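Structure record follows, encoded as structure tokens.
The values are calculated or read from the model by the stated rules, or taken from the named source; none is laboratory data. This is a predicted model, so every value here is computed, not measured. As a convention, Cβ positions derive from the backbone with ideal geometry for all residues, glycine included, and neighbour counts pool all protein chains shown.
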Amino acid sequence: MRLPRGSVLVVASHNPGKVREIKALLGPHGIEPVSAASLNLPEPEETGLTFLANAELKARAAADASHHPALADDSGLWVNALNGDPGIYSARWAGPTKDFRIAMARIEKELREKSATDFSAKFVCALSIALPHGEIKSFEGEVHGKLTFPPRGVQGFGYDPIFIPDGWDQTFGEIDPQVKNDMSHRAIAFTRLLHSGIFAESL
Ligand code: IMP
């Protein structure tokens with residue numbers, strides 16, 4: 001798979017923050033990112049049972065509907081002592097009001113109920129790029145660490161305030177967002193995508 005300079009790439013996310021981040025990453029590669037929202041593409045239901053399956057079904061749906069190559073990602077927090085929960089349900093654990101204090105409190109409660117001593121966890125990001133009715137390629141990135149309670153820090157989003165990456169004393173909620181973005185699961189998956197040679201060389 002190779003996307004020549006000037007190719008349109010549909011970013012299959014309805015999250016404006018994510019679209020902005022992906023556009024910035026693709027800018028130097030001569031790619032023309034277009035958001036799925038601006039094309040009025042429907043958001044498919046995330047019925048996959050893995051991050052990869054969900055990223056692939058979102059990329060596939062956007063590519064086939066738009067007739068352009070499409071890029072999608074799926075990410076979340078994997079807690080080892082909870083057998084991988086909240087995992088692909090990371091966004092859903094925050095409920096309809098998207099309140100991550102509720103989701104973080106649920107993780108703490110479930111760990112306490114199990115008398116868990118293993119607080120290890122990882123953030124995972126799967127990225128998929130699909131050609132219309134054609135090839136699909138996927139890349140994964142992970143950042144390992146441990147959970148801490150109560151939540152600390154106001155930076156970042158989602159589960160950042162309870163996650164301490166390996167080698168650090170601060171949570172992602174306390175670490176400078178620029179530093180987090182350079183070491184995150186999303187950054188690792190993107191680096192793998194960029195190194196795969198799918199895009200033209202940087203300008
Ligand atoms: P989705 O990839 O849009 O389905 O959502 C993934 C969910 O995982 C987000 O709503 C967050 O709750 C969580 N998540 C993914 N990446 C991060 C991160 O870098 N920090 C904190 N939470 C994250």
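See the values below:
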{"quantity": "Residue selected from region 101-125 under the condition closer than 12 Å to LEU77 by Cα and of a type outside the set (Lys, Arg), by the criterion nearest to the chain's Cα centre (by Cα)", "calculated": "CYS125"}
{"quantity": "Hits in region 24-38 - residues which are more than 21 Å from ARG5 (Cα to Cα) and surrounded by fewer than 15 Cβ atoms within 10 Å (Cβ to Cβ)", "calculated": "SER38"}
{"quantity": "Residue in region 83-102 that is surrounded by fewer than 16 Cβ atoms within 10 Å (Cβ to Cβ) and either farther than 29 Å from VAL154 by Cα or more than 15 Å from the ligand (Cβ to nearest atom) (or both) present", "calculated": "yes"}
{"quantity": "Criterion violated by TYR159 - all others in (1) surrounded by fewer than 21 Cβ atoms within 10 Å (Cβ to Cβ); (2) among the hydroxyl-bearing types (Ser, Thr, Tyr); (3) touching a residue at least 12 places away in the same chain (Cβ under 8 Å) satisfied", "calculated": "(1)"}
{"quantity": "Any hit, region 139-150, residues being surrounded by fewer than 17 Cβ atoms within 10 Å (Cβ to Cβ) and away from the ligand (no atom under 15 Å from the Cβ)", "calculated": "yes"}
{"quantity": "Among (1) away from the ligand (no atom under 12 Å from the Cβ); (2) modelled with pLDDT under 95, the one test that ARG112 misses", "calculated": "(2)"}
{"quantity": "Top-ranked residue in region 152-203 [being of a type in the set (A, V, I, L, M) and in contact with a Cys (Cβ under 9 Å, 6 or more places away or on another chain); ranked as nearest to LEU52 (Cα to Cα)]", "calculated": "ALA189"}
{"quantity": "Filter result (in contact with a Leu (Cβ under 8 Å, 6 or more places away or on another chain) and more than 9 Å from the ligand (Cβ to nearest atom)) within region 163-189", "calculated": "ILE164, ALA189"}
{"quantity": "Filter result (crowded, with 23+ Cβ neighbours inside 10 Å and basic (Lys, Arg)) within region 39-64", "calculated": "LYS58"}
{"quantity": "Scan of region 65-78 for residues that are buried (at least 16 other Cβ atoms within 10 Å of the Cβ) and away from the ligand (no atom under 12 Å from the Cβ), ordered by number", "calculated": "ALA65, SER66, HIS68, PRO69, ALA70, LEU71"}
{"quantity": "In region 182-201, the residues that are of a type in the set (S, T, N, Q) and within 18 Å of the chain's Cα centre (by Cα)", "calculated": "SER184, THR191"}
